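Take a look at the structure below.
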DNA sequence: AATTCGTTTCCCACTATATGGGAAGAACTT
DNA sequence: AAGTTCTTCCCATATAGTGGGAAACGAATT
């Protein structure tokens, strides 16, 4: 795989800017690149209208071009935009954080989250990527992949994240079958101790899984025994609603 | 302003990909760049996880990284996501297309649109940029700028788009005062003959205007005399609602 | 199976192009 | 007004990007 230095660096800077806006020397420190190089790259990015200055000053931030590209990236419709009301509704009903992830290679990428009011809550995972077998979002995606694809997923080293992580291949395959029927998957402290979560798949127009909606909370309170079934039902039906919306848009 | 060739070209390709996914030679034709160059650039972009292959094949599309950056571009909250339900609600009430734009320099950039069911409708402007004085979205933004900024905006050549376009500076200043009071602005065929539209401003947490919500339709039916006031009221109150949501998020 | 067409991928010599140190100039701070 | 911390500019250097062309690959056709 080929690299192009300036492009690599450009996106390194964009990534930094996504975290937090800043000036040239600030970004130079954060990224470890020489100031003059940062100055040139930022200037080029500004030229392309990907970033812009805050109040015409010396600080840069991501520009509208990013939003525009994002809004066109899924057949002109923005996944995040469609997802958000559904996520808000889930948070209102379940009082735990809700997230959105999409599949990317053999990993899930978290692209959005809506938080609950409770001061004790799971941190925002937006931007992180995780292997599919350690999170329910990943497992529900896998469950709807063709057998061959699943096979090649499993033909690699599967990392263990906690004592609960399932890394046994036969076990995973069996689990996936159940998930495909259920349309949801619980993971109890399989990715990180103290976190439980549940996910339900999202399908694109063509019928392929594209991502997942999930709800997660601290394991001491989520899910309470009495709520387990209710949570699953709510999540699944919300995800289904969202898919319908995705279809005729 | 400095340019960096590879970055320029990278975003040229991304822009093409945003329009439509495609393979190397396809993009080479569309962009006018040599195939080997396109291959290298795409490979670098893939490496940076900005684009990815469709079904592991030879076609590329924008990847999740774009979405992720977009979702973090406005203080971790996605403008499009918050806006969408409000836009949908307006469409449901007014039966005309609704759009979202943000300010960028001396121009407005259209970043989102929700369409009505009516077969006769305004085309999707998403992605285009227009000078502020020819569209109501731009005018409502200008109206909330500091005087000095407005002055330097006006100290440039103002293009006329239709016979109705207002390019007289004194006239514009007077108009802006009215708009600031009203919180909305109608433009009747000032940008394009056959299109009427109305916009209301959106404010960021710090109180600055960041963009606008607008509704537009074919001039033969929109706005009907009886609806003019109602439309304005609905739009303004929806925009205000959305601003509140933007604030405590 | 064999041929063709349209891909992508690889290679490599070339020099255009990005690089980064340092100086000069602008902005804030004290 | 002097000091500090920025951004911007310049320029010699060689690295890193470039693009032509060949090879490899895949799909489609006969």
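Below is a table of values for the structure above.
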item	result
Folded to 0 to 90 degrees: helix B:79-94 orientation relative to chain B principal axis, Cα	50 degrees
Calculated log₁₀ intensity ratio I(q)/I(0) where the Debye formula runs over C-alpha points of segment B:5-69, q = 0.20, 0.28 Å⁻¹	-0.68, -1.40
A:132, A:242, A:1 arranged by Cβ crowding within 10 Å, fewest neighbours leading	A:1, A:242, A:132
Sorted by Cβ neighbour density within 10 Å, fewest at the top, the residues A:142, A:158	A:158, A:142
Relative contact order (percent, whole number), chain B, Cα cutoff 8 Å, 6+ residue spacing	15 percent
Within 10 Å of each Cβ in B:32-45, the average number of Cβ atoms from other chains	2
Normalised per residue, the volume of the convex hull around the Cα set of segment B:104-249 (Å³)	119 Å³
Chain A: angle of helix A:228-247 to the longest principal axis, Cα-based, in degrees nearest 10	50 degrees
Burial order of peptide ranges B:225-231, B:10-16 (average beta-carbon count within 10 Å, highest first)	B:10-16, B:225-231
Computed helical MRE - 222 nm, the protein assembly as shown, DSSP H runs ≥ 4 contributing -39500 (n - 2.57), nearest 500	-14000 deg cm²/dmol
Inverse mean reciprocal Cα-Cα distance (Kirkwood Rh) of the protein assembly as shown, Å	24.2 Å
Pairwise centroid distance, computed over Cα atoms, of segment A:156-192 with segment A:1-80, Å	37 Å
Diffusion constant of chain B at 37 °C, which comes from Stokes-Einstein with the Kirkwood Cα-pair radius and 0.692 mPa s, µm²/s	166 µm²/s
Average partner coverage of A:123-129, which counts Cβ from other chains inside 10 Å	3
In degrees, nearest ten, helix A:35-47 long axis to first principal axis of chain A (Cα)	80 degrees
Residue exposure sequence - A:46, A:181 - by fewest surrounding Cβ within 10 Å	A:181, A:46
Residue mean of other protein chain beta carbons inside 10 Å, A:56-68	6
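Bear in mind that the values in this text are calculations on the coordinates, not laboratory data. Values in this document were obtained by computation on a predicted structure and should not be read as measured data. For neighbour counting, all protein chains shown are included, and Cβ atoms are generated from backbone atoms with ideal geometry for every residue, glycine included.
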